[in-house]
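Taking it in order: structure first as structure tokens, then the write-up.
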Amino acid sequence: MGASDSKLVFKKGIFRLSEERHIPADDPYWTSFWELPESSEDVFSLFAPADIRRTRDRAIENLETLILAVTSRLFILRHHPSFPDSEFAPERDALNCIRILTRVLPYLYEADRLQQWEEKFFWGSRRKRTRRSAIANEVLFDEAEEDVKPPVDEFEEAKPLAEELIDTLIDLLFFSDLTVPRQPHGKPKVTHAIWQSGVGCNTAVATTKEYESNRCEILRLLLTLASQSMFMSPSVLPAKGTKALTYICTCSDKQTVLSVLCSLLNTSLKYNPASWRVPYNTLMFKDPKEILVTYTLQFLLVILLYPIPEPATGSAPKNYYRHFLGRLHRPQDFQFIVDGMTRILSQPMQANVSYIPGTQTATRFSPEIIMLFWEITQCNKRFRSFMIDTQRAHDFVILILFYATEYKADASKQGVVRMCAFLLQTLSVEKNFGVNLNKSFEGQDTLPTAIRIPGFKGTYADFLIQSIYNLITRSQGKLSAIYPALLAVINNIAAYLEGINGITSSKLLQLYSSMSSPSFLLANDSNHNLLRSLLESMNAIIEHQYKKNTHFVYLILKNRKRFEALRTFTLESGQEELERRNRRRKESGQSSDPFDAGSRGSSLDSLRSPTTAQPRTPTLSDVPEEDSTFAIGDAEDESDDDDDDRPTPAQSSPSENPSRASSVADVEDAVPTQLRGMSEKARGKMPAGMPTFSRQNSTTSLGSYSGAGQSMVSAFEPSADWIESWLPELPLHTILTAVQQLTALITRQGLTADSPSAATLKTIQDADLVAIEPSPPRVHSFEWSPLALGWYESLIWSFVFASEMQVARGTVGVWNGTAIKLFKVQETAAQGPTLTSPRGAVDAVGSNIVSRIGSINLRATAASPASPPGPPSQRGSQA
């Protein structure tokens, strides 16, 4: 039968699946599903979504029989003594069984009404034919001599179908002459040989394109089994979990776990995107190694970050993949991991020198590598120490800042930007991280333009703080959800900063000026938490590094009226100041509409004392900000009453790069919530006894609170009582005490605080302040909540979904057109072929889908410095 004939027969058989009810299980028809297709493309093009849904809705019994037939065939082949053998146990049959399952499963997961059926069918106890009986029947099934009498069926108790399928797939990842080299006769077929050298293995096993292609097919089905996550909402997923992932991650067989973990990790990190020197390789051709790395890296992340739901009684089982990643300890393993991540993450920085547009395709795995870095940083304290003690953390700080800066305006990359902020926060909790940032940064001139700071001279700490300032002030309010995390980074390192330069000092004062303005403080019921976090940072510098930061102290002294005015702030004075500014805007013709982008800076005007009417000497903090894009305020937040009616980032900020049109954008404001900055209203809504979710080996605890924390700004009305609830608690004592003593000291010596003369700076440095006791450095740790985990799982699955959409790169589009619930998928107008996407008209229409994770609304805020890191039961063991 020719290729076209077999495809026609296969397509006719697919029609029969939905049109004829109750096809017998012993009908030879079922063999066509593993005998006729010649590739994964055949299965995915001929077995259309409409065919699967029609069968599911009209003749689900046929779908059951199909699944039982292909799984049974797959199990028989796995145990066949000759497998893989083209005559007796063909590899093709096994691959087609895998492809059929990959094609069908998402359409079962998308139907909510089938949940109970799926639970019973895949996870219920069952009886099956014994292997002897099954093989005997298989001979008959394959049209043996008709006069042979069928054997009597023998049955035995068996594992649930899904468990046996997962076990079989894991075995097939390490199966002789299928995915690893042929084993000598008499040796076990399943070898658990690590695919690639690196962690846990010094020599790579031999491989072929066929082995790597087979690994891709098996990993794709494992991802598909795990992808039931995509058909739950982010609020449900962490509590409910997916049985397939729970079963995979709780495997206690150390050899199996380590073989899978090291194979996935090493294959991903051995990938060298610069190995081809032809710049258009990933534009014109499918790169088989890139396809394999796509699946190894994504499946690795899916199992590493999976939070196993806690049962009703007792504690959650251990995620052994995360556990053993946390147990790594050899410096050479850490060196391998760091080198691999650096090689992939640094590609776009090196690609900036290219003169050919659209060649920066090496960023393909950057978001996943950033996520992997964050995972290892969280679960392995030895790795954190290695990074910091060898000062490789410096390189990663620059890389992470590059991605945060590069992606800050891209609506489809907001999740990555937020992850960068949380990663920096995770690193910054280590004391030595802050100490080592005092090293001089000499590489500024070699950086890409996007991250370069003109005329920069200073330390890594200066570069980090100035970059954080730029992220906040140049993001037009798009990053407001991660201001708390960015401020927490500054807070965590503040006690160790030595000799921050004048520009860094002025940036901190400008942040204070904006955050202490009436329009910012009165905008909602939680902005004062951001101001508090910034004040704590300033206090830490004064209390712990006073004599090494004279210029910073001088700027505080110069801007003393702003700090004094904050202490006397009232609702009336704040509202009067707002009215004065609105009048000034009207007189100057500026829009007072808070949603007008041209007036974003209005909420950040510097705080001016309401009792001071006389003109003041112009100072650094008097720089006008009305026309700036510094939007800490809540212009976007005020429209949160109806998320569904609000323009999405994809609608309002289309990606300029056509090749990114099929990317997945992040949840709008869906970020991990940290207890400290939750609004009072949100805190009052937290249900008692919320279940907790364990992330074994995590450096931060998993909060037992709900992350509902976004207050509706439009409904917020500030009151005098509300101001009294937080204003007296602002940590102004250290700053005001220093200002009072230094003002008196400088005045006695006939000096002035209005200019930084050498005598003034010397007086400040030599002063011995009293009544200022250094408080212990506070650690603002990243805290996990159930909804935070929903956001995080949404993020990794959005990476998986977006990669799988790009069929031109060699994937098959497993989830294209399915009813995803974890994030929203929106179609956009098709764009025509371009140099970077030379596709036909059908492809142009079919692949131009902009996907975005949907509608959680959270505010991430700084962790409470007083809150403990969490009980051991939540934290789990640390390596």
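The values are calculated or read from the model by the stated rules, or taken from the named source; none is laboratory data. Predicted, not measured: the structure shown is a model, and the values here were computed from it. Ideal geometry is used to build each Cβ from the backbone, glycine not excepted, and the neighbour counts take in all protein chains shown. Ligands, DNA and RNA are excluded from the accessible area calculation, which covers all protein heavy atoms including side chains. Shrake-Rupley method; radii C 1.70, N 1.55, O 1.52, S 1.80 Å.
Only one of the numbered conditions (1) of a type outside the set (D, E); (2) surrounded by fewer than 24 Cβ atoms within 10 Å (Cβ to Cβ); (3) outside any helix (DSSP H, G or I) is violated by P307, and that is (2).
When restricted to residues that are in contact (Cβ under 8 Å) with a residue 60 or more places away in the chain and open to solvent by 10 Å² or more (accessible area, probe 1.4 Å), the range 340-351 contains 4. Among all residues of the range 175-187, there is at least one that is of a type outside the set (S, T, Y), touching a Leu at 6+ places or on another chain (Cβ under 7 Å) and open to solvent by less than 20 Å² (accessible area, probe 1.4 Å). In the set (1) modelled with pLDDT of 95 or more; (2) buried (at least 21 other Cβ atoms within 10 Å of the Cβ), P273 fails one condition alone, (1). On the stretch given as the range 188-234, residues that are under 17 Å from N266 (Cα atoms) and among the charged types (D, E, K, R) total 2. Confirm whether Q425 is within 24 Å of S781 (Cβ to Cβ) and not β-branched (V, I, T). So Q425 fits the description; yes.
With respect to the conditions (1) open to solvent by 10 Å² or more (accessible area, probe 1.4 Å); (2) under 14 Å from L401 (Cα atoms); (3) of a type in the set (A, V, I, L, M), V435 falls short on a single one, namely (2). Just for the range 800-833: of the residues that are in a helix (DSSP H, G or I) and touching a strand residue (DSSP E or B) at 6+ places or on another chain (Cβ under 7 Å), which one is modelled with the lowest pLDDT? The selected residue is M805. Mind checking which residues of the range 412-432 are open to solvent by 10 Å² or more (accessible area, probe 1.4 Å) and assigned to a helix (DSSP H, G or I)? Correct list: S412, K413, Q414, K431, N432. For the range 564-574, filtering for residues that are surrounded by fewer than 18 Cβ atoms within 10 Å (Cβ to Cβ) and part of a loop (DSSP other than H, G, I, E, B) leaves 2. Looking across the range 741-794, just one residue is free of Cβ contacts under 8 Å to residues at least 40 places away in the same chain, crowded, with 16+ Cβ neighbours inside 10 Å and out of contact with any helix residue (DSSP H, G or I) (no Cβ under 7 Å at 6 or more places or on another chain), and that is Q741. Figure legend. Inter-residue proximity from the range 247-265: first residues touching a residue at least 24 places away in the same chain (Cβ under 8 Å) and closer than 18 Å to G198 by Cα, second residues open to solvent by 40 Å² or more (accessible area, probe 1.4 Å) and not hydrophobic (A, V, I, L, M, F, W, C), beta-carbon distance below 7 Å, spacing 6+ or different chains. Indicated pairs: V257/Y320; L258/G200; C262/G200; S263/Q196.
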